[in-house]
Amino acid sequence: EAGVTQFPSHSVIEKGQTVTLRCDPISGHDNLYWYRRVMGKEIKFLLHFVKESKQDESGMPNNRFLAERTGGTYSTLKVQPAELEDSGVYFCASSPYAGTAQNTGELFFGEGSRLTVL
Amino acid sequence: SQQGEEDPQALSIQEGENATMNCSYKTSINNLQWYRQNSGRGLVHLILIRSNEREKHSGRLRVTLDTSKKSSSLLITASRAADTASYFCATVTGGFKTIFGAGTRLFVKA
């Protein structure tokens with residue numbers, strides 16, 4: 001079974017440009033999360049999808065960030081326009097729907113997309 | 001704001017020694033989890049302890065939870081060089097939001 005995949009693994013862009021990160025969760029996982037880690041600090045929660053709906057987007061920094069999950073499958077996270085402080089590693093995680101026997105509370109993570117804004 | 005904080009930030013030990021990492025959190029939780037991250041890789045789930053449990057074991061891992069002190073500890077016994085990684089505690093609240101700390105970097109010298 002394929003795990004969570006993220007693309008690109010590394011992106012280097014200039015300030016003001018646009019970047020779109022993609023996450024393909026494990027097939028059948030309704031929950032999809034985005035996190036960000038900046039410079040060795042905590043892994044900060046950005047938002048949580050249940051299928052195609054945004055369950056919680058309280059961690060999104062500002063309106064330069066747009067996350068979508070059309071059709072409830074893969075998700076994209078767009079940063080437009082990118083600023084220097086957006087640099088970091090963006091992690092995606094997925095899990096089965098809460099309340100099902102398959103949901104053990106564990107999150108399954110991708111390997112992250114490293115974003116460098118120059 | 002950050003929910004979980006790990007202590008120490010970094011830990012260096014010799015192979016065969018035990019490694020203890022601590023985590024403190026601020027609000028009531030449903031469960032607490034520990035994850036491991038090897039450099040440049042994604043996080044991997046290690047163990048979950050529910051709010052009504054006090055101790056849990058999995059192989060060389062032992063986790064304790066003290067809800068009155070809002071703290072947890074992860075003990076890795078008989079450490080190996082392959083245990084070198086960053087370890088994160090994660091707290092899960094009622095809304096199924098999982099909040100991570102900044103992690104403890106463990107270095108095990110062979």
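The values are calculated or read from the model by the stated rules, or taken from the named source; none is laboratory data. Only a predicted model underlies this, so the values are computations on that prediction, with no experimental measurement involved. FYI the Cβ positions are ideal-geometry reconstructions off the backbone, even for glycines, and counts take in every protein chain you see.
Inspect segment B:99-109 for any residue being part of a strand (DSSP E or B), surrounded by fewer than 17 Cβ atoms within 10 Å (Cβ to Cβ) and not basic (Lys, Arg) and give the result as yes or no. Steps first, answer last, please.
Of segment B:99-109, the ones part of a strand (DSSP E or B) are B:99-100, B:104-109.
When the remaining residues are screened for being surrounded by fewer than 17 Cβ atoms within 10 Å (Cβ to Cβ), the result is B:107, B:109.
Add one more test, that the residue is not basic (Lys, Arg), and what stays is B:107.
Within segment B:99-109, one or more residues are part of a strand (DSSP E or B), surrounded by fewer than 17 Cβ atoms within 10 Å (Cβ to Cβ) and not basic (Lys, Arg).
For B:Lys56, only one of the following conditions fails: (1) more than 30 Å from A:His10 (Cα to Cα); (2) at pLDDT 95 or above; (3) away from every other protein chain (no Cβ under 13 Å). What is its number?
The number of the failed condition is (3).
Go through (1) surrounded by 17 or more Cβ atoms within 10 Å (Cβ to Cβ); (2) touching a residue at least 24 places away in the same chain (Cβ under 8 Å) for B:Thr93 and report which single condition fails.
B:Thr93 satisfies every listed condition except (1).
Go through A:Gly112, A:Gly88 for me and flag whichever is modelled with pLDDT of 90 or more, farther than 19 Å from B:Thr93 by Cα, more than 11 Å from chain B (Cβ to nearest Cβ) and buried (at least 19 other Cβ atoms within 10 Å of the Cβ). If you could, list the steps in order and put the result at the bottom.
On the way: A:Gly112 fails: more than 11 Å from chain B (Cβ to nearest Cβ).
The match here is A:Gly88.
Please identify the pairs in which a residue from segment A:40-62 that is more than 8 Å from chain B (Cβ to nearest Cβ) and in contact (Cβ under 8 Å) with a residue 40 or more places away in the chain has its Cβ atom under 6 Å from the Cβ atom of a residue that is of a type in the set (Asp, Glu) and buried (at least 16 other Cβ atoms within 10 Å of the Cβ), counting only partners at least 6 apart or on another chain.
Hits for this filter: A:Val50/A:Asp30.
Please go through segment A:15-38 and pick out each residue that is more than 23 Å from B:Lys97 (Cβ to Cβ), in contact with a strand residue (DSSP E or B) (Cβ under 7 Å, 6 or more places away or on another chain) and part of a loop (DSSP other than H, G, I, E, B).
A:Lys15, A:Thr18
Looking at segment A:1-37 only, could you name the residues that are of a type in the set (A, V, I, L, M), surrounded by 14 or more Cβ atoms within 10 Å (Cβ to Cβ) and over 13 Å from A:Ser95 (Cβ atoms)? It would help to see each step written out before you state the result.
Going through segment A:1-37, the residues of a type in the set (A, V, I, L, M) turn out to be A:2, A:4, A:12-13, A:19, A:21, A:26, A:32.
Okay, now just the ones that are also surrounded by 14 or more Cβ atoms within 10 Å (Cβ to Cβ), so A:4, A:13, A:19, A:21, A:26, A:32.
Within segment A:1-37, A:Ile13, A:Val19, A:Leu21 meet the criteria.
Could you tell me whether A:Tyr97 is under 28 Å from B:Ser51 (Cα atoms) and in a loop (DSSP other than H, G, I, E, B)?
Details: under 28 Å from B:Ser51 (Cα atoms): yes; in a loop (DSSP other than H, G, I, E, B): yes.
Taking the combined requirement at face value, the residue satisfies it.
A:Ala82 versus (1) surrounded by fewer than 16 Cβ atoms within 10 Å (Cβ to Cβ); (2) in a loop (DSSP other than H, G, I, E, B): which is the lone unmet condition?
The one condition A:Ala82 does not meet is (1).
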